[in-house]
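The values are calculated or read from the model by the stated rules, or taken from the named source; none is laboratory data. Computed from a predicted structure; not experimentally measured. Counting neighbours? That spans all protein chains shown, and the Cβs are built from the backbone with ideal geometry, glycine included.
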Amino acid sequence: MSIWQPEADEALIARAPVTFATGAATPVSGMRWFRDTQRNDIQDELAGWPAGPTYKYRSVGDTVARNTAKGLLVAVGSGIRGFLSAHGGAIGGTPGLGDKGTNVSHDYADEVDDFPVMWAAPGTIARTLPWQLDPARSSEKLYRTHAVITDRRLAIVGFPYVKGNDMLIDDELLWETPRSSIERVELRDFKYGCDAKVFFVDGSWCRLASINRERLTRYLIEPLDFIPLESLTPAQRNTAEAFAVAQAPDAELPLVKRNPCGCLRVEVVALSTVHAFFGHTGLDMVMDTNGTELKLTEYHPEDFLT
């Protein structure tokens, strides 16, 4: 078993499962496209990619028929639901809608009229992303892809998935890019609150999905203003280091940030805790300025991860 690790002087910050996103609005449900900046399909131009499915956008007529059939099935099963919307942009009652999910699209051109997960002119960064991120080309039943975030780069790793053994990780580095190549990251909440657009400095972008989106995006959005351990008070440092040691024998040095309320969040990453489904689970706690670990009931609103 081999878990990918950064360089000795590079800080490992987070790891989360990741794939290209999948359309949820009815006209693009279950689909995704790879586009150039004129919305041409470029999947056959991507170097080294195996052939993938060709999707067809559902017209309004197709969508009405599809939703009518689905509405009838639901009505028979429950007797309480009406027919679904013909346009897919404001469909109510979505099963499994997450806390951050919304039924209203604020990115209609790329979520209902189309669903590109790669937007890239020739020679741009997004075109170099690995094909293993595509669920249609690489089944998650057999192979998983994770994003690894460090203080230097964003990396994509992949490994064979063995059902029933979620701690068996044998990483292959598939792709990486320096953090400086990432211009910004925007969350996309339609419909399940799992997607994010990653924009690169060359104008290309990709749309990724993760069941652990917060860990995937948080430190690509927020500044890496970690407090050096030597800058903590002795009491704060003792609490932070004791927390890290208690998590796992191979825990990295604790990452400490100051919350807006003044309390300090301590996060720990340990390679031995990598899980095929979740990536690195959140190992964190909050302490006050005296270095006392707070109980969950003592958290301020600013102490909760959002």
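Overview of results
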{"read-out": "Tally of residues being touching a helix residue (DSSP H, G or I) at 6+ places or on another chain (Cβ under 8 Å), over 21 Å from Thr150 (Cα atoms) and in a loop (DSSP other than H, G, I, E, B) across segment 218-264", "value": "4"}
{"read-out": "Conditions (1) farther than 30 Å from Ser139 by Cβ; (2) surrounded by 13 or more Cβ atoms within 10 Å (Cβ to Cβ); (3) charged (D, E, K, R): number failed by Glu222", "value": "(2)"}
{"read-out": "Subset of segment 111-137 [more than 16 Å from Lys197 (Cβ to Cβ), part of a loop (DSSP other than H, G, I, E, B) and under 17 Å from the mean Cα position of the chain (by Cα)]", "value": "Pro130, Asp134, Pro135"}
{"read-out": "Residues that are touching a residue at least 60 places away in the same chain (Cβ under 8 Å), farther than 12 Å from Cys206 by Cα and either not hydrophobic (A, V, I, L, M, F, W, C) or not in a helix (DSSP H, G or I) (or both), drawn from segment 23-36", "value": "Gly23, Ala24, Ala25, Thr26, Pro27, Met31"}
{"read-out": "Strands (runs of 3 or more DSSP E) fully within segment 140-213 counting 2 or more residues that are over 20 Å from Glu7 (Cβ atoms) and more than 15 Å from the chain's Cα centre (by Cα)", "value": "153-160"}
{"read-out": "Hits in segment 156-176 (condition: farther than 20 Å from Phe34 by Cα, touching a His at 6+ places or on another chain (Cβ under 9 Å) and crowded, with 17+ Cβ neighbours inside 10 Å)", "value": "Val157, Gly158, Phe159, Ile169, Asp171"}
{"read-out": "Evaluation of Arg66 against (1) under 24 Å from the mean Cα position of the chain (by Cα); (2) modelled with pLDDT under 95; (3) buried (at least 16 other Cβ atoms within 10 Å of the Cβ) (one fails), failing number", "value": "(1)"}
{"read-out": "Selection within segment 283-298 - crowded, with 16+ Cβ neighbours inside 10 Å and either more than 30 Å from Glu172 (Cβ to Cβ) or touching a residue at least 60 places away in the same chain (Cβ under 8 Å) (or both)", "value": "Met285, Val286, Met287, Asp288, Gly291"}
{"read-out": "Subset tally (residues that are more than 30 Å from Leu253 (Cβ to Cβ) and either buried (at least 21 other Cβ atoms within 10 Å of the Cβ) or in contact with a helix residue (DSSP H, G or I) (Cβ under 7 Å, 6 or more places away or on another chain) (or both)) for segment 1-34", "value": "12"}
{"read-out": "Residue tally, condition among the hydroxyl-bearing types (Ser, Thr, Tyr) and either touching a His at 6+ places or on another chain (Cβ under 8 Å) or farther than 21 Å from Glu176 by Cβ (or both), over segment 1-51", "value": "4"}
